[in-house]
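Values in this text are rule-based calculations from the coordinates and carry no lab data. As the structure is a prediction and not an experimental result, all values here were calculated from the model. Positions of Cβ are generated from backbone atoms using ideal geometry, with glycine treated the same way; all protein chains shown enter the neighbour counts.
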Amino acid sequence: MLLRSILTEVNGFRHLVDVMQLQSGPGKRYLLDTAMLHDALSIEAELDLVERVYDILGNKKRADLVTKIQTKLMQVKDIRGSVKNIAGNLVLDDIELFEIKCFALVSQQIFELQKEYGISLQEIPSLQSIVSILDPQNTKIPSFYIYDNYSEELAAARKELKQLKASLNGKQNADVQQQVENLFQRAQEIEAEIREEICQKLNNSVADLENALINIAHLDVLIAKAILAKDYNLNRGGVSDGSTEYTSMFNPLIAERLAEQNRKFQPVDICIDASVCFITGANMAGKTVILKTLALCQYLMQFGFFVPAAKAKISLVDRIMISVGDEQSEQNGLSSFASEMIKINDMVEASQRSGNVLILIDELARTTNPVEGRAIVNAVADIFYGNSTKSVITTHYGGLNAHCRKLRVKGLDKDIKAGIITKDNINDYIDYSLVEDHAGDVPHEALRIASMLGINGEIIEKAQNQLDKAEQINKEIIK
């Protein structure tokens, strides 16, 4: 799976990619074409490189190296087509040779910068031999021309051509004009021969050009990842052989939006085993945000990013499957329930195949009646449990009897008095931390929240009467 394919799948991922300080076209392409990593060695190797840049950013004496490299990266163009033509023994035109020269100059400058600071952020081959071929005058100017230095015969032909043109001085002389035309044609032939010779010489350096282009693009991505980590307070996660554990996990996009309002995001701690975990809590308790952040963290880790948590030990998966939000598809005419069940079926089949997947489901079976919905939740959870599938399911259903771990969002402080909470500050009074919930009862806070928000009193009163009647009926049934 490539990074570009999940940009719209996980809330907040595109935002982080969009704010990354990538400086070059090749860097942006390299990032989007990055494949999801599934082995610890590859992930740790990438994180080592990001951490190296991150540490330099925090070093006042060396941080300017990154700034200087970024300035050079702005000049890097995508020369894949020209390199491919060289590898195919084609003769490049002056524009392509100009692009090769510019790239070689910038690449060599980045090579020399790392050498000057005694720091290797990314191994880049020296392209000095290519610079010498395309810049025989050693001007280091980003332009290209078939210079006289390439051929004495060319230099002589050009000199004579210039003299003949000057001798005409605007006069009409058929013999001299023919000589001019012949000399011009000969100069063109010599230039063509020189271009062919240049390309033959460049063919010997195709591997270096390809490596330099890939590694410079990678360097651009590494710097952007490190700056992103610094700007968003992301930290390096570690690979876990067992449970996935986050300490002070937060959602960068939501935290950023809250900061704009001078408010803080409350981070949460969570541990996910190779089994089922239910998360309950009242509306507005942040259950959906937790699921989206879990998916975001997993993807960030397996694409070689730091993660939004103070600490993280993450168990690797082959696939992440998530069902969050309204699954109704107007395009194919399916109802919300049908669309959701099709997606859940895919998840169940992935679990039955014993695939190493992370499954995240928000309000499973929320679009059907409570009796059947509760039965579906128990059935799906039993399958996940039986197959040891890493899965987190948020729900409003109580009385679930499936084998699973149960967590609850603490929610509103019970001592808060009416009149304090408004629609503008209610989130400030919700405790989003997760606690073990052995009873498994779903919190009933909807009416309390509605009352505190000043909702019409008659609605609250009549709804409470309905609840009281339902509870009385249940008690009588139990008796």
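Calculate for the chain the 222 nm mean residue ellipticity that helices alone would give, adding -39,500 (n - 2.57) per DSSP H run of length 4 or more and normalising by residue count, nearest 500 deg cm²/dmol. The partial results should precede the final answer.
Numbers: 16 runs with 245 residues, N = 479.
After summing the helix terms and dividing by the residues of the chain, the value is -17000 deg cm²/dmol.
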- Mind putting a number on the dipole of region 286-405 about its Cα centre? Charges go on the C-beta only, +1 for Lys and Arg and -1 for Asp and Glu, and I need it in Debye to the nearest 20. 600 debye
- Taking a straight Cα-to-Cα line shorter than 30 Å from residue 462, and setting aside same-chain lysines fewer than 8 residues away, one finds 287, 410, 414, 417, 423, 475, 479
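Take 186, 408, 257 and order them by how many other Cβ atoms sit within 10 Å, fewest up front.
On the way: 186 15, 408 23, 257 12.
In increasing order of surrounding Cβ atoms, one gets 257, 186, 408.
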- Item | Neighbourhood net charge (12 Å Cβ-Cβ; Lys/Arg +1, Asp/Glu -1) for residue 140 | -1
- Item | Convex hull of region 158-282 built on C-alpha atoms - directionally averaged projected area, nm² | 19.5 nm²
- Scan around residue 363 for amide H atoms under 5 Å from its own, H built in the peptide plane at 1.01 Å from N, and keep only partners 5 or more places away or cross-chain. 394, 395
- Can you tell me the Rg and the Dmax, both Å, for the Cα atoms in region 244-390? 16.1, 47
- Phi angles of region 163-177, converted by Karplus (6.51 cos²θ - 1.76 cosθ + 1.60, θ = phi - 60°) into ³J(HN,Hα) in whole Hz with x for Gly and Pro, give 5, 5, 4, 5, 5, 5, 6, x, 8, 9, 9, 4, 5, 5, 5
- Whose amide H sits under 5 Å from the amide H of residue 319, counting only residues 5 or more places off or on another chain, with H placed in the peptide plane? 358
- Note on the structure: Whole-Hz Karplus couplings 3J(HN,Hα) for region 66-80, θ = phi - 60° and coefficients 6.51, -1.76, 1.60, Gly and Pro as x, run 5, 4, 5, 5, 4, 4, 5, 4, 4, 8, 7, 10, 7, 10, 4
- Neighbour-limited loop hits for chymotrypsin sites (Phe, Trp or Tyr not before Pro), region 62-134 (at most 11 other Cβ within 10 Å; DSSP other than H, G, I, E, B): none
- Message: Please list, ordered by chain and number, the residues whose modelled amide H lies under 5 Å from the amide H of residue 311; skip anything fewer than 5 residues away on the same chain.
- Response: 247
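Using every Cα-Cα pair within region 27-86, state what percent have a distance larger than 18 Å.
Working: 1023 of 1770 pairs.
Everything past 18 Å amounts to 58 percent.
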- Query: With respect to the cross-link table entries 225/313; 84/225; 292/406; 72/225; 28/72, which display a Cα-Cα separation exceeding 23 Å?
  - Reply: 84/225
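Percent relative contact order of region 19-170, based on C-alpha pairs within less than 8 angstrom and at least six residues apart? Before the final figure, lay out the partial values.
Working: 99 pairs, mean separation 30.4, N = 152.
RCO, region 19-170: 20 percent.
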- Residue farthest toward the positive end of the dipole of region 124-199, with Cβ of Lys/Arg at +1 and Asp/Glu at -1: which of 154, 185, 139? 139
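Fewest first, what order do 293, 244, 34, 67 take by the number of other Cβ atoms within 10 Å?
On the way: 293 30, 244 24, 34 17, 67 10.
Least to most surrounded, the residues fall as 67, 34, 244, 293.
With +1 assigned to the C-beta of every Lys and Arg and -1 to the C-beta of every Asp and Glu, and no other charges, what is the dipole magnitude of the chain about the Cα centre in debye, to the nearest 20?
Numbers: 52 positive and 65 negative charges, 206 e Å.
Roughly 980 debye for the chain.
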- If the viscosity is 1.306 mPa s and the temperature 10 °C, what Stokes-Einstein diffusion coefficient in µm²/s follows for region 1-151 when Rh is the Kirkwood radius over Cα pairs? 89 µm²/s
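Under the definition of Cα pairs under 8 Å and six or more residues apart, what whole-number percent is the relative contact order of the chain? Intermediate values should be presented prior to the final figure.
Working: 706 pairs, mean separation 77.1, N = 479.
With pairs under 8 Å counted, the relative contact order is 16 percent.
Test of understanding: ordering 351, 248 by Cβ neighbours within 10 Å, fewest first, what list do you get?
Numbers: 351 22, 248 14.
Taking fewest neighbouring Cβ atoms as first place, the list is 248, 351.
Two decimals, Cα atoms only, Kirkwood Rh: what is Rg/Rh over the chain?
Values: Rg = 32.6 Å, Rh = 27.4 Å.
For the chain, the value is 1.19.
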- Residue by residue through region 243-252, which ³J(HN,Hα) values in whole Hz follow from phi under the Karplus form 6.51 cos²θ - 1.76 cosθ + 1.60 (θ = phi - 60°), with glycine and proline marked x? 6, 9, 10, 10, 10, 6, 6, 9, 9, x
